[in-house]
Amino acid sequence: MKKCLALLFTLILVVSSITGCGTKTEEAASDETAGTAAGATDNGEAEEAVTEDETTETEGTDTENNESEAVKTINGTELTKIGFAAPAMDNEFMTNLDASLKETAQKYGIEVITSEAEQSTAKQVEQIENMVTMGCQAICVSPVDLDGILDALKYAKDNGVVISLCGVIPESKDYYDVVANVEQFDLGQSAAKAAAAWIDETFPDAEDGSIEVAILALDNSTEAIKRSDGLKSIEELTSKAKIVEVYDSTGAQSIPTKAQEYTEMMLISHPNVKCILAYSDFMGLPADEVIMRTPNIDKEKFGIFACDYSEAGCEAIAKSVNGESTYRGSGAFGVTFGKTMFDTVAGNVEVDDLGVYYEPAFEINPDNVANYLSGN
């Protein structure tokens, strides 16, 4: 019995010893943890510095991720708002440009503010300045008159706004960053080539210089004059053609209306004209309306050719096959030119040393017009 009691007593001592060691170990660990915490408190400034560094790194990573998802302008600013300063919205080229710009921007959640100057230089200047105030990071501009808005463009650039111009190239980059353009002479000449081919086919026996041609021009910039020069090359493309008058609509409040007025004047001054070459289809189509409603004109032997792309222009070209239109062909570019202007702002296209991106020109005629009609 005594041996049992002694054995039990010994067992109790062993268990107590083990328990005591465990308690001391836990207390030591607790003391060590407390010491670490105390050390952090005593060295609070160092701990705070580390925390700030870690936070900055995390925020930097988040920022980089956001920036990689966002669209930036070519100067590195996040793009949230674009201005589009149009000379007018009375033609399909401009409405198409506006629509495709907005459609592209919408994909990235970017707002587009559109203004139309109603062919007023003073109004366009005011609108550009307002867009700067409204916080646009970029402004796409199709000028009413380039020289008249240069100060407004410089003001915008000086305020960090990216300026993308449509179809014009100022002499200094003080006024712009990029230009969305086409080789203007080539564009005009593509319309002239289509007209020359039509003249040679329609009047195979005509003498040199016997087919009178009128030109509806819009010589409001150096680039526009290049396009007019391309149109005028028709005399080199067929010896049968002779240019009898050039009508310039620069300064008109409504270019399409002025084109109609000039066509009516032409029919009086030059009743033997058989072909009209126009700066754009927003001049060629109104001219066609005049020709189609004028009696005593052989519609099968009258041809209008112009530049630029529009659905209305394509429809008129298709109708010319059945004698329902005299608008027979177009030198075209920029089916979605608003997207092109967006891409110049965002740096998605390659530009030359002057910051100009040239979109290729192509010809639309009765043979291929079906390819450019919606739904085809």
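Quick look at the numbers
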quantity: Filter pass, Lys107 being among the basic types (Lys, Arg), out of contact with any strand residue (DSSP E or B) (no Cβ under 9 Å at 6 or more places or on another chain) and modelled with pLDDT of 95 or more; calculated: yes
quantity: Failed item, numbered, when Pro143 is tested on (1) within 22 Å of the chain's Cα centre (by Cα); (2) more than 22 Å from Gly284 (Cβ to Cβ); calculated: (2)
quantity: Ser68 being at pLDDT below 95 and within 26 Å of the chain's Cα centre (by Cα); calculated: yes
quantity: Checklist (1) under 24 Å from Ser228 (Cβ atoms); (2) of a type in the set (Asp, Glu); (3) not assigned by TED's automatic domain parsing to the domain that holds Ser210 applied to Asp343, failing item; calculated: (1)
quantity: So Leu79, is it in contact with a Leu (Cβ under 9 Å, 6 or more places away or on another chain) and either within 19 Å of Asn220 (Cβ to Cβ) or at pLDDT 95 or above (or both); calculated: no
quantity: Criterion (surrounded by 16 or more Cβ atoms within 10 Å (Cβ to Cβ) and under 20 Å from Phe282 (Cα atoms)) met by exactly one of Gly355, Gly303; calculated: Gly303
quantity: Failed item in (1) among the small types (Gly, Ala, Ser); (2) outside any helix (DSSP H, G or I); (3) more than 20 Å from Pro143 (Cβ to Cβ), with Ala195 passing the rest; calculated: (2)
quantity: Counted residues, segment 273-313 - those being out of contact with any strand residue (DSSP E or B) (no Cβ under 7 Å at 6 or more places or on another chain), assigned to a loop (DSSP other than H, G, I, E, B) and within 21 Å of Asn371 (Cα to Cα); calculated: 1
quantity: Output for segment 198-224, where each listed residue is surrounded by 17 or more Cβ atoms within 10 Å (Cβ to Cβ) and hydrophobic (A, V, I, L, M, F, W, C); calculated: Trp198, Ile199, Phe203, Ile211, Val213, Ala214, Ile215, Leu216, Ala217, Leu218, Ala224
quantity: Cross-chain or 6+ apart pairs with Cβ under 7 Å, segment 101-114 first and surrounded by 14 or more Cβ atoms within 10 Å (Cβ to Cβ), then hydroxyl-bearing (Ser, Thr, Tyr); calculated: Ile110/Thr80; Glu111/Thr80
quantity: Number of the exception - Pro286 against (1) surrounded by fewer than 19 Cβ atoms within 10 Å (Cβ to Cβ); (2) of a type outside the set (A, V, I, L, M, F, W, C); (3) at pLDDT 95 or above; calculated: (1)
quantity: Any hit, segment 300-309, residues being under 29 Å from Ile163 (Cβ atoms), in the same structural domain as Trp198 (by TED's automatic domain parsing), at pLDDT 95 or above and of a type in the set (A, V, I, L, M, F, W, C); calculated: yes
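The values are calculated or read from the model by the stated rules, or taken from the named source; none is laboratory data. Note that the structure is predicted; figures quoted are calculated from it, not measured. Don't worry about glycine lacking a Cβ; one is built from the backbone with ideal geometry, like all the others, and counts go over all protein chains shown.
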